[in-house]
Amino acid sequence: MKRRRNSRRKRVLMALSYYDTQVHQGIIHYAQQAGWILETSMVHYGVPPAWWSGDGIITIFLPHREEITRYVMAQNCPVVALYADVPQVKVARVLLDNYRVGVLAAEHFLARRFKNFAFAKFTNYDAVAERERGFKDRLAEEELSYTTLDFANNRHARSTMPASGGDSARREDEFLARLNKMLARLPRPLGLFAQSDHRANLLISSLISLGINIPSEISVLGVDNNPQINRFAALPISSIDCAREQMAFQAASLLDSLMKGEPAPEEPLVVEPIGTIARESSDHYAAANEGVVRAMRFIEHNFRDPIGVRDVVRAARLGRSALYVEFEKLFHRPISEEISFRRVVFAGDLLREGSESIATIASQAGFKNTETFCRVFKRMLKMTPKEYRTLHENTLLIKKRPTKRRGQRFPR
């Protein structure tokens, strides 16, 4: 990729309150094509570089890292902050749509016919509150409620969370006892939404220690789709990809425009989540009809193969007519449409993330030929595969200053 020809390369500081691989990658992606000199020493040392001076800063403000906020605001250069924390500091911001993340979490469990829900929170950051609010509101639309497992505001729970230092074994035992007491009051099967993959991983390990079956008794869903956490988790974690890398890329693009003297947007820019990636930690359907559950699991595991409705009926071990009626009642689409939907979603991921040809992607997604793929894709997403790929390539660039409208979103 060619670098932009500038008279002087811009010097940009990553002043992050904590290291996030996805955020780092998003910033680096933009910095490479912009030809920046990117200062990353805080990734290694965690403290602001006293010697640095430059043209712009991408930062994460947190209430308990006041030294970073003071340092950044003393540099007298354009600043773009990620997330809504420390709102009293007036800088340009790019945010995740955390409310939508909560909505997607609720819809993930609703699609699996759960009736019992819980949200596990460990911090009081704005992003976490927005995720819980989206979760709550979407469940309320179905006249359903949830329970908060509060490890942020409960003094006892906070003091017994596993941590380094001290008698860690005792503290882990106390945490497990506290968690077990919280869960004992809740009916099962339970859909448990954790504020992040990091916390979902902790909960999964704890549930396994307590002898609780995942996902049939408690299904767990995280946020971030973090590959580092998932790679070493006790169980593959279902997770909402909230587009952290895309958010960071947009923040870098916005900073670039500010460094060129363009005005800052009056409201934060908001990046929508990409979607939910289902894995083993929530591979459970809380439905009474086991035949329908067998049908859906067969589709999930085999949609990339040349399967049809007849294969699904055979796997369900249920009469064709009964399966048709019960399947559509539970999942709100016919069996054939569910197969096509899974294939289109999978193809969309390939189009967005890779460079394979349309014909190759059609084959990988389970379509018989390219013509069928293009026809079904356009019917479901209202655009051709080529248009979809072009759209997502274009979302990596900000071509004009955002409008004043609050909650502006970039297309996914």
For the chain, give the share of DSSP beta bridges that are antiparallel, in percent and rounded to the nearest 5; count only bridges with both residues there. 10 percent
What area, in nm² and to one decimal, does the C-alpha convex hull of the range 90-233 cast on average over all directions? 10.2 nm²
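Rounded, prolate or oblate: which fits the chain, taking a ≥ b ≥ c as square roots of the Cα gyration tensor eigenvalues, rounded meaning a/c under 1.5, else prolate when a/b beats b/c?
Oblate is the answer for the chain, as a/c is 1.5 or above yet b/c matches or exceeds a/b.
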Tell me, what is the 1.4 Å probe accessible area of T69, in Å² to the nearest 10? 20 Å²
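Local charge sum around I339 (other residues, Cβ-Cβ under 11 Å, Lys/Arg +1, Asp/Glu -1)?
Value of the local net charge: -1.
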What does the helix-only formula give at 222 nm for the chain: each DSSP H stretch with n ≥ 4 adding -39500 (n - 2.57), the total divided by the residues, and the result rounded to the nearest 500 deg cm²/dmol? -14500 deg cm²/dmol
Leaving out same-chain residues fewer than 8 places away, which aspartates and glutamates sit with a Cα under 20 Å from that of K10? E39, D55, D256, E262
Amide H contacts under 5 Å for L96, placed H, 5+ residues apart: Y83, V271
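With respect to the cross-link table entries K260/K382; K115/K382; K136/K181, which display a Cα-Cα separation exceeding 25 Å?
Those over the limit are K260/K382; K115/K382.
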Counting other C-beta atoms within 10 Å, and keeping those with at most 16, which DSSP coil GluC sites (Glu not before Pro) do you find in the range 352-381? E356
Charged-residue dipole, Cβ positions (Lys, Arg, Asp, Glu), the chain about Cα centre, Debye nearest 20: 1060 debye
Packing-ranked peptide list from 341-351, 136-146, highest mean Cβ count within 10 angstrom first, is 341-351, 136-146
Enumerate by residue number the chymotrypsin sites (Phe, Trp or Tyr not before Pro) in the range 45-98 meeting two conditions: DSSP loop (anything except H, G, I, E, B), and at most 16 other Cβ atoms within 10 Å of the site's Cβ. W51, W52
On the formula 1/(1 + (r/R0)^6), with r taken between the Cβ atoms of N180 and T21 and R0 of 25 Å, the FRET efficiency rounded to 0.05 is 0.15
Inverting the mean 1/r over all pairs of different Cα atoms, compute the Kirkwood radius of the range 209-299 and quote it in Å. 16.3 Å
In the range 46-107, trypsin sites (Lys or Arg not before Pro) in a DSSP loop with at most 11 other beta-carbon atoms within 10 Å: K90
Within the set I339, I218, I240, GNM on the chain using Cα springs under 10 Å gives the largest fluctuation to I339
R188 versus N369: modelled label distance in nm, points set 7 Å from Cα along the beta carbon direction: 5.1 nm
For the chain, set up a GNM with springs between Cα atoms under 10 Å and report which of S219, S363, S206 has the largest fluctuation. S363
Need one value: the accessible area of V271 in square angstrom, 1.4 angstrom probe, rounded to the nearest 10. 10 Å²
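The values are calculated or read from the model by the stated rules, or taken from the named source; none is laboratory data. Only a predicted model underlies this, so the values are computations on that prediction, with no experimental measurement involved. Cβ atoms come from the backbone with ideal geometry, glycine included; neighbour counts cover every protein chain shown. In case anyone asks, the SASA skips ligands and DNA or RNA and just uses the protein heavy atoms, side chains included. Shrake-Rupley method; radii C 1.70, N 1.55, O 1.52, S 1.80 Å.
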